[in-house]
Amino acid sequence: LGIGEATHCPMTIIPEMFNKTSISVDKIIKLTVSAILKRKLLGLRYGTVVVAEGVFHDLDPEDIKATGVHMTYDEHGHPELGKISKAVLFNDILDKEFKKIGLKVKTRPVEIGYDVRCQDPVAYDLSYCTELAVGVYELYKKGETGCMVYVDVNGEAHPLYLKDLQNEEGKIPPRRVDIEGGIARNYYAHIAHFITPDDYEAAKALVPDPEVYDFKKILAW
């Protein structure tokens, strides 16, 4: 969501947005097409769609299997996402949707991985690493050990133990976006592009049933 907000991406798909309906590959594809149709109506013949890796954690395994992909899972029950190209997978399914509805669009799958982290450090990174290193020393002096270290906004170091993050099953659940919070609410209200009832008439020149790609109908918002 942060990437989508920072780049003014016309559609960012995260698992948390499916808070009122079940998540499925079909809905993800329809949200993507919704953004593409809206951009076409606006005269914008380019754009990007960001699909969070986390959608795979919430997708029904049978839904993934129906796409022809065999997913393996790690010892924590999480899908081993590094073994397949999610971008290529979604792009292939998207191409099938284009052919089905007769929409001529060229897309290019791009997998954003660890390379995003390969950037030269800025002043914030250097300061933060220094505070972490000093924090390790200060906590160790106090007798804290076997923990991670985090630093608050005031530069104070605190210990963080795995037991504080684990759920009842001993697993560490992924962090979730507050879909009702300001960042998500403002992004989908003011930055994202998608089909609404006001677009139905104009969109009929592109697809026969634009209501199928209505953003709020897809998500039951």
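The values are calculated or read from the model by the stated rules, or taken from the named source; none is laboratory data. Remember, predicted model here, so these are calculated numbers, not experimental data. Backbone-built Cβ (ideal geometry, glycine too); neighbour counts: all protein chains shown. What goes into the accessible areas is simple: the full protein's heavy atoms, side chains included, and nothing from ligands, DNA or RNA. Shrake-Rupley method; radii C 1.70, N 1.55, O 1.52, S 1.80 Å.
List of remarks:
- A Cβ distance below 8 Å, combined with a sequence gap of six or more or placement on separate chains, defines the contacts here; from region 40-65, residues that are within 16 Å of LYS106 (Cα to Cα) and modelled with pLDDT under 90 reach no residue that is among the aromatic types (Phe, Trp, Tyr) and in a helix (DSSP H, G or I).
- Qualifying residue in region 174-197 (condition: in contact with a Pro (Cβ under 8 Å, 6 or more places away or on another chain), without any contact (Cβ under 8 Å) to a residue 60 or more places away in the chain, open to solvent by 40 Å² or more (accessible area, probe 1.4 Å) and in a loop (DSSP other than H, G, I, E, B)): no
- Residue in region 112-135 that is under 30 Å from LEU206 (Cβ atoms) and among the β-branched types (Val, Ile, Thr) present: yes
- Counted residues, region 3-37 - those being of a type in the set (Ser, Thr, Tyr), touching a residue at least 40 places away in the same chain (Cβ under 8 Å) and open to solvent by 20 Å² or more (accessible area, probe 1.4 Å): 2
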